[in-house]
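Student: One structure, pasted below without further comment.
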Amino acid sequence: MIGLGLASSHAPAMFCPPELWPKVYGAIPDYMKESQPHTAKLETAEVIRGYVQRIDTAFDVLRRQLEAYRPDAVIFVGDDQEDMFDQRCNPAMCLYTGEEVWGSAAPFYVDQPAEDSRIHLPVHQELSTYLLGAMLEEGFDMASTSVMKPMGRHPERGTSHMIVYPAQRLLPKLDVPIIPLYLNCYFPPLPTARRCWQVGQTLAKLLANRPERVAIYASGGLSHDPVGPRAGWIDEPLDRWILDRIATNRSAELQNLFSVDSATMRGGTGETRAWIVAAGACQWKGEVVDYIPAHHAKTGLGFAYWPEQTKE
């Protein structure tokens, strides 16, 4: 059964030392810096160090939830963003069913060869293969791959950063099998919020009577547009609305997201789809750990979890 849910952002700056954050911010167009002077003036080096401490603390909270739950597998759900896939094949949803995945845990802002930070994570093949067939029977035409052969822009970096960036924070020993579920969150046409919710619902249904203890982790979001025209701008009201729905057990309302086309909902904000999948799988009251509208990280950084549930 799925008895625990987790969710967090995975902005590259979160996994960099504070002295590299200005380098991340440097990717923001000059015209955006001028239109948002508070982003440069208020986020001093001391403020950024405080952000890093809060990020470390939030990940510690999520890690302790996992350790207490003792999962047999963790479903990692999030965007691919041209790591595993490219325009030759960009599935809306894809389950990985191979033996393991590997990738570079250090963000590209860190000046080191990709191989130096490469990590390997085992995959729970039995469960992943079961879910692939069962989801098909439930009406989901889920793509699949069992071969670790990245087709994206930087194949030497391996699998999606939605997995390798947070993996060491959540599973420091890298000894718990995962189930990678890749979502297309960037490249139209995109899955609707309602469909993402249905995916989460169905995952919970299919695992309800399985003996394995499964956790689900949503990786990505919240509002951001890292390389687009809104780089550095954060939709804080939207982010707080999402977190409030989780904290007040009204996550079903998240199905209304992305029903209207808006510049705010494009770009990296689309990664919120992963949170909707986790919310659909964990339809009970969640806990918000922290929220940081970090302009240097170009992302509204969110952390939340759905506390452990046990079979009655």
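The values are calculated or read from the model by the stated rules, or taken from the named source; none is laboratory data. Since the model is a prediction, treat every value here as computed from it, not as a measurement. Every residue, glycine as well, gets a Cβ built from its backbone with ideal geometry; the counts of neighbours run over all protein chains shown.
Student: Suppose the filter is of a type in the set (V, I, T) and more than 21 Å from the chain's Cα centre (by Cα); does T145 pass it?
Tutor: Answer is no for this residue.
Student: Quickly run through the stretch 143-165 and pick out the residues that are among the polar types (S, T, N, Q) and in a loop (DSSP other than H, G, I, E, B).
Tutor: S146, T159, S160
Student: Out of the residues in the stretch 53-73 that are farther than 30 Å from R210 by Cβ and of a type outside the set (S, T, N, Q), which is surrounded by the most Cβ atoms within 10 Å (Cβ to Cβ)?
Tutor: Among residues in the stretch 53-73 that are farther than 30 Å from R210 by Cβ and of a type outside the set (S, T, N, Q), the one surrounded by the most Cβ atoms within 10 Å (Cβ to Cβ) is I55.
Student: I've got another one for you. Which is small (G, A, S), modelled with pLDDT of 95 or more and not in a strand (DSSP E or B), of G280, G232?
Tutor: G280
Student: When the residues of the stretch 179-229 are filtered to those that are among the charged types (D, E, K, R), assigned to a loop (DSSP other than H, G, I, E, B) and modelled with pLDDT of 95 or more, which remaining residue is surrounded by the fewest Cβ atoms within 10 Å (Cβ to Cβ)?
Tutor: Result: E212.
Student: Out of the residues in the stretch 86-101 that are part of a strand (DSSP E or B) and touching a residue at least 60 places away in the same chain (Cβ under 8 Å), which is surrounded by the fewest Cβ atoms within 10 Å (Cβ to Cβ)?
Tutor: C89
Student: Taking the conditions exactly as written (polar (S, T, N, Q), in contact with a strand residue (DSSP E or B) (Cβ under 8 Å, 6 or more places away or on another chain) and not in a loop (DSSP other than H, G, I, E, B)), does Q168 satisfy them or not?
Tutor: yes
Student: Next up: Check E271 against each of (1) among the charged types (D, E, K, R); (2) in contact with a helix residue (DSSP H, G or I) (Cβ under 9 Å, 6 or more places away or on another chain); (3) at pLDDT 95 or above and name the one condition it does not meet.
Tutor: Going through (1) among the charged types (D, E, K, R); (2) in contact with a helix residue (DSSP H, G or I) (Cβ under 9 Å, 6 or more places away or on another chain); (3) at pLDDT 95 or above one by one, E271 breaks only (3).
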